[in-house]
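These notes concern the structure reproduced below.
The values are calculated or read from the model by the stated rules, or taken from the named source; none is laboratory data. Since we're looking at a predicted model, the values are computed, not measured. Cβ placement follows ideal geometry from the backbone for every residue including glycine, while neighbour counts extend to all protein chains displayed.
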Ligand code: ATP
Ligand code: MG
């Protein structure tokens, strides 16, 4: 007789299918969250094969077994394709191997195939156990006490092709690899006036191709979901690329997804594209197939974060609903969601069918809003020249400027804003040096080609300042708006930019010039702006921090050493907490929490205890404004003094490297998406009777506008951060991951 499933006491975790960066972080999170819940946690090596083989391929895991793997690509558990698991006999052996160890909960990290197989296994479980009892392999009592298998899945796949999650584990890292490769190819292509065709992975899903085309500023892209709309696609492609050459573009870059096809479902390969370019344009064309480079390398900051939160949530799911229908844990916006696993697999497979049946409209519809936005965007950006203005249309004059500190992705956003505005028939003006420059009338008209190459360029070409205008300066600014006939302003920047825009907008009742629409686009590495979960630049900064901390940790292989790393963020601890999660820091100091002597005392004691028990490496991360007195230097000195003889201490203040470098693919993609929406907003508002002003942002993964007048109400008094910060909810999770770290490693 089956008993009602109880809270499981043991849990097994495995990785299966193709490997993906971030799988290790997911395994680490499952192991540590499981241990923190008092479960016995087993690691299954070599995917489903390990389940079938049993023996030492299923091993209990301790917290230290998953130490030091966060930054490694691939999977330490190994993965395999396993034919035996496809047979009932194989799955019966797997069931026996689990139930003998008292395991009746399984977390699987893999693609659609692995999740389907695991789900079948879960559904068959009661029968498999019956068969094992009948064959005398296990006792009835054992079978009865493990009547149901609890299954929770996470998607590890670089393709980002699964329903039930906005992002799959490994997709962001793959985008990093592709973008780095294309950036490198860019420079050589431009030098030689060559054409390049790049093939990226994605059998049924154009995600990697499309997003890398947005991020790298490609001139043509071919994806499975939306084939070229004519039979003679070679002709339309060549026409567009020739037009580009004729206006002085130095290189042509086409990106082809593995599964790209024409209207009739015939494959379009990178080779086809190359031949077309050589034959029809006589261009020297090279094909680069990125292949396994896309899977490799250290996981990006986002993949480490994603895997960690998903792994943690998977364990919660196991504990909360033992025996329930199998669930898939995914992410939507910044929210963790759980959905019936087989629904997700079925819907995913349905897209493949829709594409195979050449119902492309449906395929694009299923892919969702941001995918469609990006596709539309690409169509505008690949144009060699803008659409001519519609006869009789009102031609607005819209100005773009920055404010606040520099943030990677600012140039990307300006490029898109200029091109979208010009393409809609308007005049786009660039203001140099922010609001200061605006007051001084430092304003130039921008044309289509003036922003060439800006997609991947770090820094801020237009210049930015932290200048917040006084009443007198505001009047001067108003004067410039009048004399340059500026109908609307797009401010791409951070805190001071928001303050300046708000100060100007506050005078809206004084005269019509102050009521002209302003839209602010959040660009700040600190991620300290209201109305958005994320600002442009923060992802790049996070990746900069993570790769530096990886190196810092490696430098300590031999010694027993603790590092105190200081990161930026001003009054906002976002970078500190997120980089702590992504690098495995055991303690993070945040300005939101402050620091006390008692905290420091505890932290010193924890560190000492850790090192006394064989720990070799310590890492604490301190956000720059955590406390005015307990500075990074102070903590360094304190730890050094107290750790005397047991461990030594080094401090690293990362400084401006965090603001520098080329924007990450994610920052480029978001900058592109938000900037285009901002220009649309400005155009609409500038043409209405009573225009409004706003700041744009991502809320629960959706693009939203908040009225600019709400700025003061949404921020904390006296400090630079919003009242509500969703990421603060991650603090308990960070503690669980860290607590497990201290005693053992
Ligand atoms: P990716 O597509 O990202 O490489 P995947 O998980 O889809 O990953 P597959 O090769 O399809 O990769 O599946 C991995 C393993 O999962 C298979 O080798 C097999 O052991 C198991 N598996 C897949 N489908 C089934 C099925 N229908 N029944 C039983 N087991 C399956
Ligand atoms: Mg698959």
What strands (runs of 3 or more DSSP E), lying completely within segment 467-574, carry at least 1 residues that are under 30 Å from residue 394 (Cα atoms)? 488-493, 518-522
Any residue that is crowded, with 19+ Cβ neighbours inside 10 Å and part of a loop (DSSP other than H, G, I, E, B) - is there at least one of those in segment 267-278? yes
Kindly evaluate residue 388 against the criterion of being surrounded by fewer than 17 Cβ atoms within 10 Å (Cβ to Cβ) and not in a helix (DSSP H, G or I). yes
Only one of these is crowded, with 24+ Cβ neighbours inside 10 Å and within 16 Å of ligand 1 (Cβ to nearest atom): 195, 114, 87. Name it. 114
Is one or more of the residues making up segment 706-721 under 23 Å from residue 375 (Cβ atoms), modelled with pLDDT of 95 or more and touching a strand residue (DSSP E or B) at 6+ places or on another chain (Cβ under 7 Å)? no
Is at least one residue of segment 34-54 modelled with pLDDT of 95 or more, under 25 Å from residue 308 (Cα atoms) and within 16 Å of ligand 2 (Cβ to nearest atom)? yes
Can you tell me which residue in segment 600-609 is farthest from residue 575 (Cα to Cα), limited to those that are surrounded by fewer than 23 Cβ atoms within 10 Å (Cβ to Cβ) and in contact with a strand residue (DSSP E or B) (Cβ under 9 Å, 6 or more places away or on another chain)? 606
Do you know which of the residues in segment 48-60 that are outside any strand (DSSP E or B), in contact (Cβ under 8 Å) with a residue 24 or more places away in the chain and touching a strand residue (DSSP E or B) at 6+ places or on another chain (Cβ under 8 Å) is farthest from ligand 1 (Cβ to nearest atom)? 50
Tally time: how many residues in segment 109-142 are over 15 Å from residue 91 (Cβ atoms) and either in a helix (DSSP H, G or I) or within 16 Å of ligand 2 (Cβ to nearest atom) (or both)? 9
Of the residues in segment 92-108 that are part of a helix (DSSP H, G or I) and surrounded by 24 or more Cβ atoms within 10 Å (Cβ to Cβ), the one that is nearest to ligand 2 (Cβ to nearest atom) is 94
So which helices (runs of 4 or more DSSP H) are wholly in segment 619-718 and hold at least 3 residues that are over 27 Å from residue 499 (Cα atoms)? 632-642
Enumerate the pairs (first residue in segment 10-25 and closer than 22 Å to residue 320 by Cβ; second residue anywhere and near ligand 1 (Cβ under 8 Å from one of its atoms) and outside any strand (DSSP E or B)) with beta-carbon separation below 8 Å, excluding pairs fewer than 6 apart on the same chain, so at least 6 apart or on different chains. 14/47; 14/48
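Residue-wise test of (1) free of Cβ contacts under 8 Å to residues at least 24 places away in the same chain; (2) out of contact with any strand residue (DSSP E or B) (no Cβ under 9 Å at 6 or more places or on another chain).
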| residue | (1), (2) |
| --- | --- |
| 633 | yes, no |
| 636 | no, no |
| 645 | yes, yes |
| 649 | no, no |
| 656 | yes, yes |
| 665 | no, yes |
| 673 | no, no |
| 680 | no, yes |
From the residues in segment 32-47 that are surrounded by 20 or more Cβ atoms within 10 Å (Cβ to Cβ), touching a residue at least 40 places away in the same chain (Cβ under 8 Å) and within 22 Å of residue 322 (Cβ to Cβ), which one is nearest to ligand 1 (Cβ to nearest atom)? 42
